[in-house]
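Working notes for the structure below.
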Amino acid sequence: MSTGTGANSAPGHISTTNDAAEHKQSMFSSLKIRNYRLFATGQVVSNTGTWMQRIAQDWLVLSLTGSASAVGITIALQFLPMLMFGLYGGVLADRLPKRPLLLATQSAMGLTGVALAALTLAGNVQVWHVYLAAFLLGLVTVVDNPARQTFVSEMVGKDQVANAVSLNSANFQSARLVGPAIAGVLITAVGSGWAFLLNGLSFAAPIAGLLMMRTSELRPVVPQPRAKGQLREGLRYVAGRPELIWPIVLVGFIGTFGFNFPIWLSAFVSDVFHGDAGTYGLFNTLIAAGSLAGALLAARRGHSRLRVLVTAAVLFGLLLTVTAFAPGFWLFAALLVPIGMFGLTVNVTANSSVQMATDPEMRGRVMALFMMVFTGGTPVGAPLVGWITDTHGARAGMAAGGLVSLAAALAIAMVLSRVGNLRLRVSRRGVAFVPSHRTRELVAAA
């Protein structure tokens, strides 16, 4: 187990004791910092555009092909670069100055949206164009993601990092509330091309924010020197620490099989409820509402506990399975809200638990591995889930993802209980790890 700053997040500690009163901090304290305020404002605009493009992209592919598998291929291509190059993207972000790097990546992302808009508005778009745009966007994201995450500390300083990270998540989910709704209206009224164009133009906001920042108020991080074997060292570090590897494995399973909402929701809209792009936008908005609630609840917790992670993962898998067989439209729609809440709780809790359990000098490589596993599994899971959905129907596809997520959560709960010499207790209050009888006897004897 880690003996650094993350020691307190080992399974035994988290599961068997109550933490002291948490330090209370204003939920929006990071926004008092001018540079971060500019960053957050630009991000909420571009995130809204990004969600508009995601909805328009999925709906365009479904319209061109009539296949949920094609939607799955599009998603897979967007996340394939993260699987292939994710760790190297983190290394590159550590070696280059963040602000100029983000200016380049944000500009490139805007150009992909404008190019796809031009093809669509001209009536020349083909499905391979969408595939190519998704892959190119994924390549840029490999560098943009770690650069944005690490740039936060340069803007706000060490004391405000946790608050700023929570606000970033809330920012993303707030945009997810607005973007799909706007996209649904635009697609229905004037077509997908205008959604792509607005997304491309939306990147002017973060670019302007980066240019307006006061560089004298930034806290630049010293670039990491090049050295051989750094990636292997990071992998060995994670492999030897169960409090790191098992949360990463859990989010890997859930990210691969449980976060395929574009495939399932597009199939439910077209095949089960016979809706349109507006219905698809509504479903995504409901998931976003639950995710925003999960982000705000996570921001209020000062500590990340593995029992919260396991409980949220179990409930996420269970709800996903139950929702797959919801008989009516409004019941299905209502259940999307808690699915979004527990799914976001899994993501945020695993992320913060892994960071707390990692020694500072290894955090960059560990978090790069975390992001690679969480998003990099999509190229494997999305085509498979898309095939199940096409072959056996939307309900079977969604239920399969839920059952895999549920099985992974329960299996890893058992592993964590063995690692910490604990037993799993399930009650009306949730899932918790408690000391085994043998552990209590040893403590009493001591």
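The values are calculated or read from the model by the stated rules, or taken from the named source; none is laboratory data. Only a predicted model underlies this, so the values are computations on that prediction, with no experimental measurement involved. Here the Cβ positions follow ideal geometry from the backbone for every residue, glycine too, while neighbour counts run over all protein chains shown. Ligands, DNA and RNA are excluded from the accessible area calculation, which covers all protein heavy atoms including side chains. Shrake-Rupley method; radii C 1.70, N 1.55, O 1.52, S 1.80 Å.
Taking the residues in segment 282-316 that are modelled with pLDDT of 80 or more and of a type in the set (Ser, Thr, Tyr) as candidates, determine which candidate is surrounded by the most Cβ atoms within 10 Å (Cβ to Cβ).
291
Can you report the number of residues in segment 91-117 which are open to solvent by less than 30 Å² (accessible area, probe 1.4 Å) and touching a Gly at 6+ places or on another chain (Cβ under 6 Å)?
Selection size over segment 91-117: 3.
What pairs come out if I take residues in segment 376-405 that are free of Cβ contacts under 8 Å to residues at least 12 places away in the same chain and assigned to a helix (DSSP H, G or I) and pair them with residues that are open to solvent by less than 10 Å² (accessible area, probe 1.4 Å) and not small (Gly, Ala, Ser) whose C-beta lies under 7 Å away, six or more apart or interchain?
none
Could you figure out which of (1) within 23 Å of the chain's Cα centre (by Cα); (2) in contact (Cβ under 8 Å) with a residue 40 or more places away in the chain isn't true of residue 96?
With respect to (1) within 23 Å of the chain's Cα centre (by Cα); (2) in contact (Cβ under 8 Å) with a residue 40 or more places away in the chain, residue 96 is out only on (1).
Could you grab me the full set of residues in segment 318-346 that are free of Cβ contacts under 8 Å to residues at least 40 places away in the same chain and more than 22 Å from the chain's Cα centre (by Cα)?
Hits for segment 318-346 are 326, 327, 328, 330, 331.
Filter segment 200-218 for residues that are open to solvent by 40 Å² or more (accessible area, probe 1.4 Å), of a type outside the set (Asp, Glu), over 13 Å from residue 102 (Cα atoms) and in a helix (DSSP H, G or I) and give the result.
201, 212, 215, 216
Which members of segment 261-277 meet the condition of being more than 15 Å from residue 64 (Cβ to Cβ) and either open to solvent by less than 10 Å² (accessible area, probe 1.4 Å) or aliphatic (A, V, I, L, M) (or both)?
Selection gives 263, 264, 265, 267, 268, 269, 272.
Name the residue, out of 375, 358, that is over 28 Å from residue 73 (Cα atoms), open to solvent by less than 40 Å² (accessible area, probe 1.4 Å) and modelled with pLDDT under 75.
358
So that you can scan it fast, the table gives a plain yes or no per residue for (1) at pLDDT below 90; (2) in a helix (DSSP H, G or I); (3) aromatic (Phe, Trp, Tyr):
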{"residue": "59", "(1), (2), (3)": "yes, yes, yes"}
{"residue": "62", "(1), (2), (3)": "yes, yes, no"}
{"residue": "69", "(1), (2), (3)": "yes, yes, no"}
{"residue": "73", "(1), (2), (3)": "yes, yes, no"}
{"residue": "78", "(1), (2), (3)": "yes, yes, no"}
{"residue": "82", "(1), (2), (3)": "yes, yes, no"}
{"residue": "92", "(1), (2), (3)": "yes, yes, no"}
{"residue": "108", "(1), (2), (3)": "no, yes, no"}
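Of everything in segment 17-57 that's modelled with pLDDT of 80 or more and of a type in the set (D, E, K, R), which residue is nearest to residue 111 (Cα to Cα)?
54
Collect the residues in segment 42-88 that are open to solvent by less than 20 Å² (accessible area, probe 1.4 Å) and touching an Asp or Glu at 6+ places or on another chain (Cβ under 6 Å), keeping them in residue-number order.
Within segment 42-88, 68, 71 qualify.
Suppose the filter is closer than 21 Å to residue 57 by Cβ, crowded, with 22+ Cβ neighbours inside 10 Å and within 22 Å of the chain's Cα centre (by Cα); does residue 147 pass it?
No, not satisfied.
Among the residues that make up segment 176-199, is at least one of them surrounded by fewer than 22 Cβ atoms within 10 Å (Cβ to Cβ) and either within 16 Å of residue 37 (Cβ to Cβ) or under 17 Å from the mean Cα position of the chain (by Cα) (or both)?
Yes, segment 176-199 contains a residue that is surrounded by fewer than 22 Cβ atoms within 10 Å (Cβ to Cβ) and either within 16 Å of residue 37 (Cβ to Cβ) or under 17 Å from the mean Cα position of the chain (by Cα) (or both).
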